[in-house]
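A.B. asks: First, the structure itself, so that you have it in front of you.
The values are calculated or read from the model by the stated rules, or taken from the named source; none is laboratory data. Not measured: the values here are computed from a predicted model. Here Cβ is always computed from backbone atoms with ideal geometry, including for glycine, and neighbour counts include all displayed protein chains. Keep in mind that these areas ignore ligands, DNA and RNA; they rest on the heavy atoms of the full protein, side chains included. Shrake-Rupley method; radii C 1.70, N 1.55, O 1.52, S 1.80 Å.
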Amino acid sequence: QVQFVESGGGLVQPGGSLRLSCAASGMIFRFSHMGWYRQAPGKQRELVAGISRGGSTKYADSVKGRFTISRDNAKNMMYLQMNNLNPEDTAVYYCNTAPQVVASGAPTEYWGQGTQVTVSA
């Protein structure tokens, strides 16, 4: 069964940094386009960063220049380096497939627990 386990969240002050990790299993990771999603209270889940199976990246305008997505196919891992965080980045962050970074499509139905990121002074 497909499974995603997110980690690395926490409480950070504005301007701070965090690095999120995603461990994927039950799928052929290296063939999958992947992405980081987030859901803030009262808002819909949104894709903030995606990476194709070939390594091409795409970012939401709100995080462009601050977040960097990467992947390690040998370890079935994906990462999100988040710099210069601001309170608007506060959300639960999830990883999943992201076929929409290269074409139409939707993530799998398998969502993990996510990791909470809170940006506050």
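A.B. asks: Could you identify the single residue in Val92, Val63 that is in contact (Cβ under 8 Å) with a residue 12 or more places away in the chain and assigned to a strand (DSSP E or B)?
C.D. replies: Val92
A.B. asks: So, one more: So, of the residues in segment 46-71 that are charged (D, E, K, R) and either in contact with a helix residue (DSSP H, G or I) (Cβ under 7 Å, 6 or more places away or on another chain) or under 15 Å from Phe4 (Cβ atoms) (or both), which turns out to be surrounded by the most Cβ atoms within 10 Å (Cβ to Cβ)?
C.D. replies: The extreme case among them is Arg71.
A.B. asks: Which is polar (S, T, N, Q), open to solvent by 60 Å² or more (accessible area, probe 1.4 Å), farther than 20 Å from Gln100 by Cβ and touching a residue at least 24 places away in the same chain (Cβ under 8 Å), of Asn76, Asn84?
C.D. replies: Just one listed residue meets the conditions, Asn84.
A.B. asks: Continuing with this model, one more query. Starting from residues that are closer than 16 Å to Gln39 by Cβ and assigned to a strand (DSSP E or B), keep the ones in segment 97-121 and report whichever is most open to solvent (accessible area, probe 1.4 Å).
C.D. replies: Looking at residues that are closer than 16 Å to Gln39 by Cβ and assigned to a strand (DSSP E or B), I get Gln116.
A.B. asks: Please list, ordered by first then second residue, the pairs with beta carbon atoms under 8 Å, 6 or more apart or interchain, first in segment 4-17 and under 11 Å from Asn83 (Cβ atoms), second assigned to a strand (DSSP E or B) and not small (Gly, Ala, Ser).
C.D. replies: From segment 4-17, the pairs are Val12/Leu18; Val12/Val117; Val12/Thr118; Val12/Val119; Gly16/Val119; Ser17/Gln81; Ser17/Met82.
A.B. asks: So, one more: With the checklist (1) in a loop (DSSP other than H, G, I, E, B); (2) farther than 19 Å from Gln13 by Cα in hand, flag the one item Gly35 doesn't pass.
C.D. replies: It fails just one condition, (1).
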